[in-house]
Structures are given as structure tokens and as C-alpha cells.
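To keep things clear, I will list the structure first and then write my remarks on it.
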Amino acid sequence: MRRVTTPLSAMGARFIERNGDGLPLTVRGQQLHPISYDMPVSSAQIKSAILLAGMAGEVEVALSEPHGRSRDHTERLLRAFGYGVIVKEDRIYFAPGGRIEPFDIEVPGDPSSAAFLVGAAVLAEAGELRIAGVGVNPTRTGFLEVLLRMGARTQVENLSTRFGEPVGDLLVRPARLRATEITAGEIPGLIDEIPLLAVLASRATGTTTFRQVGELRVKESDRLGLMAENLRAVGAQAEVVGDDLVVEGGDREPRGKVRTAGDHRLAMAFAVLGTLPRARVSIDDMACAAVSFPGFPEALRGLAVRSRR
């Protein structure tokens with residue numbers, strides 16, 4: 001939590017740690033002042049906390065992200081309501097002056113959730129999948145660019161814009177995948193899709209390397225270690241080398257037990273792997289998928305039923 005409390009404290013906010021080691025926290029609001037801050041990691045959550053504090057305190061903010069831009073939903077929304085948000089090279093500049101008013105919006109489909117259905121369609125033996133009304137913000141669709149490099153057959157149709165956010169339909173067809181390398185600069189734009197990309201990489205031809213993904217150790221679980229452990233548990237070859245994840249592709253039928261540690265993205269990624277013919281993948285906690293995708297198992301089974309028709 002200090003990733004958030006440190007910059008907010010520098011703006012004048014007060015935090016009291018009850019046990020001296022993080023949560024629970026007591027927050028005392030005070031008059032905030034401008035900040036120029038170099039973020040230790042590229043993170044939309046940390047960035048948004050600081051920008052929204054600048055909005056609430058009506059003060060200027062300047063930020064930099066070290067490894068490429070993270071998702072920019074907050075910047076787009078602030079611009080839509082008249083706030084000054086300018087991006088120059090690796091820095092973001094915020095200036096007060098706008099005003100948030102009540103509004104109605106149809107929230108686009110979440111690309112991180114749609115990614116798992118995309119993955120199932122890529123692995124399918126036949127058919128075609130259209131997912132309508134998905135947010136296709138460029139800072140959220142890095143996984144589609146990686147899939148295209150891997151040989152996937154995906155495209156975006158019926159583009160429109162809502163409150164500064166691009167929205168479209170994803171059209172996906174089955175494909176044979178090949179290995180690729182995902183660079184450190186790409187990671188902020190696809191951090192949540194790495195579990196899905198890793199299970200797809202286990203079915204690709206060749207060795208796929210995810211560079212500098214140590215941030216996965218501090219997600220809902222030690223996602224980095226569990227990805228490698230679970231891939232090996234179902235018969236694939238995977239290892240963590242420093243902060244890199246290396247996955248060897250193959251065509252062995254995935255069979256084994258998956259330990260999720262309650263991590264929704266791990267559960268959904270390995271459920272996608274379990275859609276392969278003759279797969280036998282047992283997941284210890286499929287219910288945790290409801291954290292971000294209520295009804296996911298039913299949606300996945302629905303795709304399988306349609307592909308057989």
C-alpha cells in the first residue's frame with residue numbers, strides 16, 4: 001500500500017498505519033499541494049490515485065512511468081470533463097479546471113475479461129466468435145497485438161467512441177500459434193492478460209518468453225510462480241528465470257490439477273486450456289472467477305456448445 005500512500009503523503013495527506021506494516025490504515029484529509037513524481041512501477045492504479053487526488057485537491061500533478069504507459073482510462077475521463085491532461089514523452093501533466101458532472105454511460109465490455117473468450121476461440125477446432133461492444137483502448141489491447149504476432153486470426157470491427165473511449169466488436173477465429181517474445185515495454189499494456197497468454201504459449205510452436213514480469217509476484221497471488229507451477233502440473237514446460245517467464249510450446253494433452261490460490265485470472269486461464277479436446281484440467285477454485293467475470297464457466301461452456309453445432 002505504500003506505493004499509493006507515499007506519493008499521497010508527499011501531496012500532504014496523512015496516513016496512520018495501525019500496526020506499522022500497511023493495512024488497516026487511518027486516512028486524514030488535508031489541503032493538498034502539487035506534486036512531481038517518478039513512479040517506481042508503471043501502474044494504472046497508482047497513477048489514477050495521484051491524478052484523482054490532484055482533481056480533488058485542485059492542484060497540478062506531473063508523473064512519469066518507468067516502463068511504458070499503463071492503461072489510461074482515468075486520463076481520458078478527466079479530459080472528457082474539461083481537465084487538462086497532457087502526455088509528453090514519458091510524462092503526464094494534469095491541471096485542474098474541469099468539473100465532474102453527473103452522467104449516463106454504457107460501460108464497454110472489459111477487454112481483460114473478453115481476452116479469455118478470445119483465447120478459447122483461438123484454441124477451438126472450428127467456428128467463429130464475435131464479442132460485441134468491447135473497450136479497445138490502445139493501452140488495453142496489447143494482448144491482441146501479441147496474439148497477432150503469434151498467428152491468431154483476430155480483428156476489430158464497428159468502431160465507435162464513448163466518453164473518449166474507443167469501443168468495437170472483436171471477431172476471432174481458430175488458429176495455429178507460434179512462439180514470440182513479449183518485451184518489458186509491452187507488459188504494462190497486457191499485465192492482466194499474461195496468464196491467458198501463457199497458457200496459449202504452452203500450445204504454440206517454439207519457446208515464448210515474457211520479459212520483466214516480476215510485478216506478477218504481487219498480484220492477487222504470486223501469479224508468476226503459480227503460472228509456471230501450474231503449467232508444469234498439467235504437462236507443459238515452464239520456468240521462472242529471474243523476472244522472466246519462459247514457456248515451451250507443445251501439443252501434449254493438458255492433464256493435471258491447478259492450484260489457483262483464489263486468483264481469478266489463473267482459474268479462467270486454465271479453464272480455457274481445459275477446453276481443448278481430451279484435456280483433463282482440474283481447477284481447485286473455479287468460483288473465484290466471479291471476482292471479475294460472474295458467470296464465466298457458463299459463458300465458456302456456451303462457446304463449446306456452439307462450436308460443436
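Here are some notes:
- Against the chain, whose longest principal axis comes from its Cα atoms, helix 264-273 is set at around 20 degrees.
- Between the residues A204, T260, P188, the greatest Cα displacement towards the positive end of the dipole of segment 111-297, with unit charges on the Cβ of Lys, Arg, Asp and Glu, is found for A204.
- Among the trypsin sites (Lys or Arg not before Pro) in segment 69-104, those placed in a DSSP loop whose Cβ has at most 14 other Cβ atoms within 10 Å are R99.
- Stokes-Einstein translational diffusion, segment 14-74 - Kirkwood Rh over all Cα pairs, 0.890 mPa s, 25 °C, in µm²/s: 189 µm²/s
- 0 to 90° range, to nearest 10: angle between helix 296-308 axis and the chain longest Cα axis: 40 degrees
- Dipole magnitude for segment 99-234: about 540 debye, using +1 per Lys or Arg Cβ and -1 per Asp or Glu Cβ, origin at the Cα centre.
- Equivalent ellipsoid dimensions for segment 218-309 as semi-axes, Å, which come from the Cα gyration tensor, largest first: 22, 18, 10
- Cα long-axis angle, helix 111-123 against the chain (0 to 90 degrees, to the nearest 10): 10 degrees
- Alpha-carbon centroid distance for the pair segment 59-89 / segment 181-245, whole angstrom: 28 Å
- For the chain: Kirkwood Rh in Å [reciprocal of mean 1/r, alpha carbons]: 20.8 Å
- Put the Cα centre of segment 115-176 next to the Cα centre of segment 1-20 and the gap is 39 Å.
- Computed from backbone phi with θ = phi - 60° and the Karplus coefficients 6.51, -1.76 and 1.60, the 3J(HN,Hα) list for segment 240-253 is 9, 10, x, 9, 9, 10, 10, 10, 8, x, x, 10, 5, 5 Hz; x is used for glycine and proline.
- In the chain, the DSSP beta bridges split such that about 75 percent are antiparallel, to the nearest 5.
- Cβ charges +1 (Lys, Arg) and -1 (Asp, Glu), total dipole of the chain, debye: 700 debye
- Extreme residue, positive dipole direction of the chain, given options Y37, S70, F81 (C-beta unit charges): S70
- Loop-resident GluC sites (Glu not before Pro) (DSSP state other than H, G, I, E or B) in segment 119-191 with no more than 10 further Cβ atoms inside 10 Å of their Cβ: E125.
Read the figures in this text as sums done on the coordinates, not as results from a lab. Because the structure is predicted, anything quoted here is derived from the model rather than measured. Methodologically, a virtual Cβ is constructed for each residue, glycine included, from the backbone with ideal geometry; neighbour enumeration extends over all protein chains shown.
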